Amino acid sequence: MTPLERAAMILEIPVTFRTANRIDVDKLEWYGQFTHFRNLLRRAYREQLRGRRLMLVADFNGFPIGQVFIQYDSMNELIADGWSRGYFYSFRVMEMFQGKGIGTRLLYEAESVLVERGYQFATLSVALDNPRAFQLYQRNGYEVIGQDPGRWHYVDDLGVTRYVEEPCWILEKALSID
Ligand SMILES: CC(C)(COP(=O)(O)OP(=O)(O)OC[C@H]1O[C@@H](n2cnc3c(N)ncnc32)[C@H](O)[C@@H]1OP(=O)(O)O)[C@@H](O)C(=O)NCCC(=O)NCCS
């Protein structure tokens, strides 16, 4: 043991998967890491209240350490059409909790939400330069159905319009209903 490594303890931590509430919306800025997405988080929550989206979070000790949002319908019917295809986005797990199965479970829970609503397909997009996430999706049965230039914009917390260009794969999974 080095002088800096004085002791160790094993933590077993309970993580629950649930719909986000109003208090989570602020916490999902993750202490400044995603403050620039404040308007997007608030809009997703408003859409959840209208029944058009769902914000699913992984909760540890009252804090949302992971998230995936579900969009039930979209102008782009290839990804979501309001009755048979739903789109997952904003999928992330706090860095110190990554690689422990939380992301895989979030994906599974999001798929269950769609199955309960009678949807047949889940879709999502992943940046061309994110091979590890791509692998995770492939491992879980997602297949490429197209590519997208990934151009979009949003207004950040300071009111500045930010433009994003992130070419991505569009993936799809046929959900088993049994
Ligand atoms: C992708 C992500 C949500 C997966 O959550 P997770 O809890 O780490 O996932 P799991 O523990 O269930 O599975 C781990 C697998 O996820 C994938 N993965 C992708 N990015 C990863 C990362 N930064 N750290 C660990 N695993 C990552 C790998 O395939 C990994 O499997 P491997 O260890 O065999 O390489 C999470 O890693 C993350 O938030 N990454 C940064 C944001 C991101 O890329 N989101 C996806 C956008 S499409």
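Derivation of every value follows stated rules applied to the coordinates shown; laboratory data play no part. This one's a predicted model, so the numbers in the text were calculated from it and none came from an experiment. When we count neighbours, we look across all protein chains shown, and the Cβ atoms used for this are built from the backbone with ideal geometry, even at glycine.
Can you give the net charge of the other residues whose Cβ lies under 11 Å from the Cβ of LEU56, counting K and R as +1 and D and E as -1? Each step should come with its number before you reach the end.
Values: positive: ARG18, ARG53, ARG105; negative: ASP24, ASP59, GLU109, GLU111.
Charge balance near LEU56 sits at -1.
Taking amide H positions as placed 1.01 Å from N in the peptide plane, with prolines and chain starts having none, which residues 5 or more places from ILE145, or on another chain, fall under 5 Å of its amide H?
Amide H neighbours of ILE145: ILE170, LEU171, GLU172.
Please give the net charge around LEU136, taking every other residue with its beta carbon less than 14 angstrom from that of LEU136, where Lys and Arg add +1 and Asp and Glu add -1.
Details: positive: ARG92, LYS100, ARG105, ARG132, ARG139, LYS173; negative: GLU111, GLU143.
That works out to +4.
R0 = 22 Å: FRET efficiency of ALA7 with TRP30, Cβ-based, nearest 0.05?
On the way: r = 28 Å, r/R0 = 1.29.
Plugging the Cβ-Cβ distance into 1/(1 + (r/R0)^6) gives 0.20.
May I ask you to evaluate 6.51 cos²θ - 1.76 cosθ + 1.60, the Karplus curve with θ = phi - 60°, for each residue of the stretch 77-82 and list the ³J(HN,Hα) values in order in whole Hz, giving x for glycine and proline?
5, 5, 9, 7, 10, x
For every other residue with a beta carbon closer than 13 angstrom to the beta carbon of VAL15, add +1 if it is Lys or Arg and -1 if Asp or Glu, then tell me the sum. Intermediate values should be presented prior to the final figure.
Values: positive: ARG18, LYS100, ARG105; negative: GLU12, ASP59, GLU109.
Taking every Cβ under 13 Å from that of VAL15, the sum is 0.
Answer with one residue from TRP83, PHE69, GLY32: the one whose Cα lies farthest towards the positive end of the charge dipole of the chain, charges on Cβ with Lys, Arg +1 and Asp, Glu -1.
Of the candidates, GLY32 comes out farthest on the positive side.
What order do you get for ARG18, ARG85 when you list them from fewest to most C-beta neighbours inside 10 Å? Intermediate results must be reported in sequence, preceding the final value.
On the way: ARG18 13, ARG85 23.
Exposure proxy ranking, most exposed first: ARG18, ARG85.
Treating the angle as unsigned and between 0 and 90°, give the value, to the nearest 10°, between the Cα long axis of helix 102-116 and the longest Cα principal axis of the chain.
Helix 102-116 sits roughly 30 degrees off the main axis of the chain.
So what's the angle, to the nearest 10 degrees on a 0 to 90 scale, between helix 38-49 and the longest Cα principal axis of the chain?
60
If you build the Cα gyration tensor of the stretch 16-174 and take the root of 5 times each eigenvalue, what three semi-axes come out, in whole angstrom, biggest first?
Values: eigenvalues 94, 71, 59 Å².
Working from the Cα gyration tensor, I get semi-axes of 22, 19, 17 Å.
What ranking, highest mean first, results for peptides 6-14, 151-159, 133-141 when packing means the other Cβ atoms within 10 Å averaged over each residue? Please report the intermediate quantities before stating the final value.
On the way: 6-14: 5.6, 151-159: 11.4, 133-141: 15.0.
Top to bottom by mean Cβ count within 10 Å: 133-141, 151-159, 6-14.
Ordered by residue, what ³J(HN,Hα) values in Hz, to whole numbers, does the stretch 87-92 give under the Karplus form 6.51 cos²θ - 1.76 cosθ + 1.60, where θ = phi - 60° and Gly and Pro are x?
Karplus values, whole Hz, x for Gly and Pro: 10, 9, 8, 6, 8, 7.
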